[in-house]
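Student: Mind looking over this structure? Questions follow.
The values are calculated or read from the model by the stated rules, or taken from the named source; none is laboratory data. Predicted model, so just to flag it, every value in this text is computed and none were measured. Cβ coordinates were reconstructed from backbone atoms using ideal geometry, including for glycine residues, and neighbour counts include every protein chain displayed.
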Amino acid sequence: IKHRGCYFATKLITPEGIDSLEEFEIRDSDVFLATYPKSGTVWTQNILSLIFYEGHRNGTEDIVIMDRVPWLEYNVNNLDLANLSSPRLFFTHLPYYLVPRGLRNRRGKVIYVARNPKDVMVSYFYFSKFMIALETIPDLNTLMERFLSGKGKVSFSDKSSWLDHVRGWYTHREDFNILFLTFEEMKKDLRSAVLKICNFLGKRLSEKELDSVVEQATFENMKRDPRANYEFLPDTLVEKSKGQFLRKGTVGDWKKIMTVAQSERFDMALKEEMKDLPFNCLWDR
Ligand code: A3P
């Protein structure tokens, strides 16, 4: 469905459901992770859960991250979100203007993670092949035109464009208590990124605890971890023979897949538009 400028690729949500989220009551202790899909959501979800749950950090609890850091707009496991104990952790792919009003009044905290849009698009391309709810996209050119033009059915985009999602959250940053991170900086120095998150959230971890978070949040370890690798998703949602959530986890995979012409077309459409945003690092490699 398309609702208020945002495309939702699943029947799990209704227009009324989306509208009702605006009234969802926010507590000061709430933490929201906001991303455009394929930007490192699962990764950051896991980091947040490792920071907050000592049992998880020590490997003594078996709760999957979807239940530790539930999805605000698709309540996949039917949790009673309003009555979870504090501090509550959530993630969302919504554009800034559809999230609970309380968040926009600087209650709670938001962590926004952005990623190089070429890598986002390539990741989405593979993702669409195994996520049943998403239309399989025949080739990269088709996806690229949709991704860039804002006219396509690329899930969760604000007016269907990645740029509007990132720009929307950034230009309205004053409305939120928000920290911006990039996939690239997390990849480059995970420990610093985790520390940044801890400082923002006012969580103090010992060196040992920090080591444990960083260790468990590496791509290889997450892929092995049944609580974190999203293999718990049912066969009704994903066709497991066609891919996986934790695919490659690298920076610059687009270079292996996009042609020079495609990359130039991308630069032309986005680079100028991104000039006023502080995400130059997204284009560095
Ligand atoms: P690739 O498809 O490029 O491998 P999201 O969680 O927002 O859907 O993003 C998925 C992307 O994040 C995938 O990218 C996935 O591999 C990557 N990812 C997940 N966990 C990661 C980790 N611990 N380190 C690096 N990348 C990770």
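Student: So which of Leu190, Leu233, Leu179 is within 30 Å of Gly102 (Cβ to Cβ), under 19 Å from the mean Cα position of the chain (by Cα), within 16 Å of the ligand (Cβ to nearest atom) and surrounded by 13 or more Cβ atoms within 10 Å (Cβ to Cβ)?
Tutor: Just one listed residue meets the conditions, Leu233.
Student: Tell me the helices (runs of 4 or more DSSP H) entirely within the stretch 1-67 that contain at least 2 residues that are more than 15 Å from the ligand (Cβ to nearest atom).
Tutor: Those helices (runs of 4 or more DSSP H) span 15-21, 54-57.
Student: A follow-up question, please. Kindly establish whether Ala261 is closer than 29 Å to Phe147 by Cα and within 13 Å of the ligand (Cβ to nearest atom).
Tutor: Taking the combined requirement at face value, the residue does not satisfy it.
Condition check ((1) out of contact with any Cys (no Cβ under 8 Å at 6 or more places or on another chain); (2) closer than 24 Å to Phe125 by Cβ; (3) of a type in the set (A, V, I, L, M, F, W, C)) across all residues:
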site: Trp169; (1), (2), (3): yes, yes, yes
site: Glu174; (1), (2), (3): yes, no, no
site: Ile197; (1), (2), (3): yes, no, yes
site: Leu205; (1), (2), (3): no, no, yes
site: Lys208; (1), (2), (3): yes, no, no
site: Ser212; (1), (2), (3): yes, no, no
site: Gln216; (1), (2), (3): yes, no, no
site: Arg227; (1), (2), (3): yes, no, no
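Student: Between a residue in the stretch 40-52 that is within 18 Å of Ser85 (Cα to Cα) and touching a residue at least 24 places away in the same chain (Cβ under 8 Å) and any residue that is outside any helix (DSSP H, G or I) and within 7 Å of the ligand (Cβ to nearest atom), which pairs come within a Cβ distance under 9 Å, given they are 6 or more apart or on different chains?
Tutor: That search, which allows pairs on different chains as well, returns Leu50/Ala217.
Student: State which residue is farthest from Ala193 (Cα to Cα) when the search covers only the stretch 113-148 and only residues that are away from the ligand (no atom under 11 Å from the Cβ) and assigned to a loop (DSSP other than H, G, I, E, B).
Tutor: Per the criteria, the residue is Pro138.
Student: Also, quick follow-up: Take the residues in the stretch 47-98 that are exposed (fewer than 14 other Cβ atoms within 10 Å of the Cβ), among the polar types (S, T, N, Q) and under 18 Å from Leu233 (Cβ atoms), then tell me which one is modelled with the highest pLDDT.
Tutor: Here the residue is Asn78.
Student: Looking at the stretch 202-221, which of its residues are part of a helix (DSSP H, G or I) and crowded, with 17+ Cβ neighbours inside 10 Å?
Tutor: Of everything in the stretch 202-221, those that are part of a helix (DSSP H, G or I) and crowded, with 17+ Cβ neighbours inside 10 Å turn out to be Glu209, Leu210, Ser212, Val213, Val214, Gln216.
Student: Which is modelled with pLDDT under 95 and under 17 Å from the mean Cα position of the chain (by Cα), of Arg224, Arg167?
Tutor: Arg167
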